[in-house]
Amino acid sequence: MGEYAIRRALLFIPTLLVATVLVFTLFWIVPGDPALTILAGGEGDSGSVSPEQLQQLRQELGLDRPIYVQYASWLWSVLRGDLGTSLWYKTPVWDQLKDRFLVSMELAVMAILLAFCVAVPLGIISAVKQDTGFDYVSRIFSGIGIALPTFWLGILIVYALATFFQWLPPLGYATVWDDPLLNLQQLIFPALTLAFHDLAFTARVTRSSMLEVMREDYLRTARAKGLMEILVVGRHALKNALLPVVTVSGYQFARLLGGVIIVESIFVVPGMGTLLIDSIVHRDFIVIQAVVLLIAAVVLILNLMIDLCYGVLDPRIRYQ
Amino acid sequence: MLDRETTAGRVIPEIRLEWQALATPVIAVARFARRKPLGAVGGFIVLALLVMALLAPVIAPYDPRQIIREANNRVPVYEAPGSAYLFGTDHVGRDILSRIIHGARISLYVGVGAVVIGVTGWFIVGMVSAYAGGTVDLIVQRIVDAMMAVPGLIIVLAIMAVLGSSLNNVIIAIVIGMLAPVVRTVRSQVLSVKEMEYIVAARAIGAPAARIIGRHIMPNCLAMYLILATYYVGFAIILEASLSFLGVGVPPDVPSWGGMLTAAAQGHVTRAPWAGIFPGLAIFLAVLGFNLLGDALRDVLEPRLRGVSTTARLLSRG
């Protein structure tokens, strides 16, 4: 197990480094001069920018140094927890980001839990009762869930709530520690919107993985020795069938974080997504870099943890 | 009709008739539809979308960009669906049906453009990476891993921030967003083809790498190319819609389905539900159409690719 853990960790470090390089290059592929783009704004109106302003900003951003020096100094400050100063808000990025990061994470975790609680039983029943009416209905349901755009579903949910229940999620935001009830009222519908897409996906993975396991010999043995069907499925089949579901959930979490951006802007949740969209409108590259890097780091660490858990749960993996 | 003489001296009538040559594709399509009814539904949706996009100026009742002025100089803002405006009008008084019809052009332009450039380009990268192995493969794989860690939508958003919003920049951004999933799928497929005996044989007689890739591996991957291309049109359509919805895709006056939903999301949906329902329905049907067609093509042409649809969807998000 020790060797396996080290091997996984060694794979994780270069990937994270490549991610930092990619995030760093993002800023530097701005056509023309990034300093000019920032000063001129989105429209590229360069006439109103004086050469002194340009020179000053270049020095501020360190653009006059060679690119590898810029990368090294950027990486060093990121490692010390300094994500830079926002170009638009003129405050440290981390101050902007820390509360919003927690909000987005809470939303994503709520969504993934909701999705799991519905999708796993759905997938299991669908597989056990393969090719019955239930299976077809659940497959159509998940097919629709996958093609349904999150932003459209969000709009429809807002419409349904307002029209049929005369109710809208309260504006503003309260943390779960301050006011758990208000927090739940604000986040439950965005989380449901997000969960629907993942639910469909998880149900499909659970179903196909379960179908594969159901054909294994040891299940026939379990039945032959007279075990109750519920124990055959629940204890013997499920244990193995859930492993692939857990593996895909890492990348699924990444996908979910993309969806978070969309539902946040529909339900006006003050999370990372709304900050990212604001920063894109203002071309605040420092904030964009920080958000992308933070998400990449979270997903990579999560995947590492899942891989390690997987190694504990399934000894075969360790010796590959 | 030509008769052919066989070595045994018997005459076998040539069975290929002119009309049969014409009928073969029709029969093939009919057989496909019978085997895969859901795929046929998908194909029908895709075909309808194509016709809509091609004939947009002819079938759209109004100019999609023009604010309508009625006889008494009244602007019909949020007019409910009725005989004059089948799907109603939007928040500035434009016909929603006309905008949806013209929107099909934008969606298909982005979808097909991104697939022709992206799937083709990344296909070659994936093939070369798998075939070359070694350092090349290692570097490509680390880039793919790093990009897989960031949701496709966020990659595309960040690139749009750098490039600025325009129709062609949307395509460039989506092409970059396709890199990781396409390269990964193609690579794993080519890795298994590479070990086949005829490839080993070709290498043994000294065929150069370019010939092995071009003449032996590529023909084996054509079915996969077709399947991936179909899926990724849907992927690109939903990403374009998401970008335009968030206000960073195509410029606001361009009739994009995603952009049409922006006003609806800002609380207008209770006032004019039709402005939120119809454009969303168009996106949903288009994506569903390409997904169903892709699923059916995969089952018929290359059942080994069952994982692909999930990879394609892994990064698509909207």
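The values are calculated or read from the model by the stated rules, or taken from the named source; none is laboratory data. All values reported here derive from a predicted model rather than from experimental measurement. Ideal geometry is used to build each Cβ from the backbone, glycine not excepted, and the neighbour counts take in all protein chains shown.
Quick check, is B:L281 facing another protein chain (nearest Cβ under 10 Å), surrounded by fewer than 24 Cβ atoms within 10 Å (Cβ to Cβ) and either without any contact (Cβ under 8 Å) to a residue 40 or more places away in the chain or not charged (D, E, K, R) (or both)? Yes, satisfied. Of the numbered criteria (1) away from every other protein chain (no Cβ under 14 Å); (2) assigned to a helix (DSSP H, G or I), the one B:A207 fails is (2).
This table checks each residue for (1) away from chain B (no Cβ under 14 Å); (2) at pLDDT below 80.
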residue	(1), (2)
A:V21	no, no
A:F24	no, no
A:W28	no, yes
A:A40	no, yes
A:K98	yes, no
A:E106	yes, no
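From the list A:D198, A:D217, A:D179, which one is of a type in the set (D, E) and either under 24 Å from B:L38 (Cα atoms) or in contact with a helix residue (DSSP H, G or I) (Cβ under 7 Å, 6 or more places away or on another chain) (or both)? Even if it seems obvious, please write down each step before you answer.
Values: A:D217 fails: either under 24 Å from B:L38 (Cα atoms) or in contact with a helix residue (DSSP H, G or I) (Cβ under 7 Å, 6 or more places away or on another chain) (or both); A:D179 fails: either under 24 Å from B:L38 (Cα atoms) or in contact with a helix residue (DSSP H, G or I) (Cβ under 7 Å, 6 or more places away or on another chain) (or both).
So the residue among A:D198, A:D217, A:D179 that is of a type in the set (D, E) and either under 24 Å from B:L38 (Cα atoms) or in contact with a helix residue (DSSP H, G or I) (Cβ under 7 Å, 6 or more places away or on another chain) (or both) is A:D198.
Only one entry of A:Q70, A:Q53 meets the criterion of being surrounded by fewer than 18 Cβ atoms within 10 Å (Cβ to Cβ), modelled with pLDDT under 80 and part of a helix (DSSP H, G or I), and that entry is A:Q53. Checking the stated criteria, B:V46 turns out not to satisfy the condition of being out of contact with any strand residue (DSSP E or B) (no Cβ under 7 Å at 6 or more places or on another chain) and not in a helix (DSSP H, G or I).
Do you know which of the residues in the range A:99-158 that are among the polar types (S, T, N, Q) and within 22 Å of the chain's Cα centre (by Cα) is nearest to A:L211 (Cα to Cα)? Before you say what the answer is, go through the steps one by one.
Step one: of the range A:99-158, the residues among the polar types (S, T, N, Q) are A:104, A:126, A:130, A:132, A:138, A:142, A:150.
Now restrict to residues that are within 22 Å of the chain's Cα centre (by Cα): A:104, A:142, A:150.
On the way: A:S104: 35, A:S142: 17, A:T150: 29 Å.
Within the range A:99-158, the match that is nearest to A:L211 (Cα to Cα) is A:S142.
Taking first residues from the range B:218-237 that are of a type in the set (D, E, K, R) and partners that are assigned to a helix (DSSP H, G or I), no Cβ contact under 9 Å between residues at least 6 apart in sequence or on separate chains turns up. Among the residues of the range B:268-275, is there at least one that is among the aromatic types (F, W, Y) and either away from every other protein chain (no Cβ under 14 Å) or closer than 20 Å to B:I172 by Cβ (or both)? Checked against the condition, which is being among the aromatic types (F, W, Y) and either away from every other protein chain (no Cβ under 14 Å) or closer than 20 Å to B:I172 by Cβ (or both), the range B:268-275 yields no hits at all.
The residue pairs whose first member lies in the range A:60-77 and is under 16 Å from A:I29 (Cα atoms) and of a type in the set (S, T, N, Q), whose second member is loosely packed, with under 12 Cβ neighbours inside 10 Å and modelled with pLDDT under 80, and whose beta carbons are closer than 7 Å, counting only pairs six or more residues apart or on different chains, are A:Q70/A:G62.
Tally up the residues in the range A:129-156 that are of a type outside the set (S, T, N, Q) and more than 10 Å from chain B (Cβ to nearest Cβ), please.
10
Applying the condition of being of a type in the set (G, A, S) and within 14 Å of chain B (Cβ to nearest Cβ) to the range A:215-266 and asking which residue is farthest from A:I157 (Cα to Cα) yields A:G250.
Taken over the range A:268-294, residues that are within 29 Å of A:V246 (Cα to Cα), touching a Ser or Thr at 6+ places or on another chain (Cβ under 9 Å) and facing chain B (nearest Cβ under 7 Å) amount to 0. Of the helices (runs of 4 or more DSSP H) lying entirely inside the range B:97-173, the ones with 3 or more residues being touching a helix residue (DSSP H, G or I) at 6+ places or on another chain (Cβ under 8 Å), within 13 Å of another protein chain (Cβ to nearest Cβ) and not basic (K, R) are found at B:134-148, B:152-163.
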